[in-house]
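Take a look at the structure below.
The values are calculated or read from the model by the stated rules, or taken from the named source; none is laboratory data. None of these values were measured; they are calculated from a predicted model. Reconstructed Cβ throughout: ideal geometry from the backbone, glycine too, with neighbour counts over all protein chains shown. Note: accessible area is taken over every heavy atom of the protein model, side chains too, but ligands, DNA and RNA are not part of it. Shrake-Rupley method; radii C 1.70, N 1.55, O 1.52, S 1.80 Å.
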Amino acid sequence: MIRWLSARARLLRIAQRGDRERFLKLPFTGCDGLPKTGQAWVRSGLLAATVFVPPNTGQAIEMFVQAIQQKSALRERVLTVPTSIPQLGVLKPLRMT
């Protein structure tokens, strides 16, 4: 079972009857922003948000071709920019009651 699901399930198991509703409202976030998992869980409400790191194969091939064409060395390190799902401006502030 995925860790955040395990954590959520454990919280619900140990919660007192009155705390259960409070725990159900806790926003869980993830780092699996793939369309069929993390993004689907955000759409269904299981996750409040997730992080998507786009595939970097295309970027790597472009860098490799550019290095060959320019007869230059490849950069040792290139960062891939993650995105938030939903976008950060859409996320609501957490209000604990």
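What is the residue count in the stretch 34-93 for residues that are of a type in the set (D, E, K, R), outside any loop (DSSP other than H, G, I, E, B) and within 22 Å of LEU24 (Cα to Cα)? Qualifying residue count, the stretch 34-93: 1. For the condition touching a residue at least 12 places away in the same chain (Cβ under 8 Å) and open to solvent by 50 Å² or more (accessible area, probe 1.4 Å), VAL53 qualifies. Among residues of the stretch 66-90 that are in contact (Cβ under 8 Å) with a residue 12 or more places away in the chain, those with a Cβ under 6 angstrom from a residue that is open to solvent by less than 90 Å² (accessible area, probe 1.4 Å) and assigned to a helix (DSSP H, G or I), sequence gap 6+ or separate chain, pair up as ILE85/GLN39; ILE85/VAL42.
Contact annotation: residue pairs with Cβ atoms under 6 Å, 6 or more positions apart or on different chains, pairing a residue in the stretch 21-44 that is of a type in the set (A, V, I, L, M, F, W, C) with a partner that is modelled with pLDDT of 85 or more, are PHE28/LEU47; CYS31/VAL51; TRP41/LEU47; VAL42/THR50; VAL42/ILE85. Within the stretch 21-50, restricting attention to residues that are farther than 15 Å from ARG8 by Cβ and of a type outside the set (S, T, N, Q), the residue that is surrounded by the most Cβ atoms within 10 Å (Cβ to Cβ) is GLY33.
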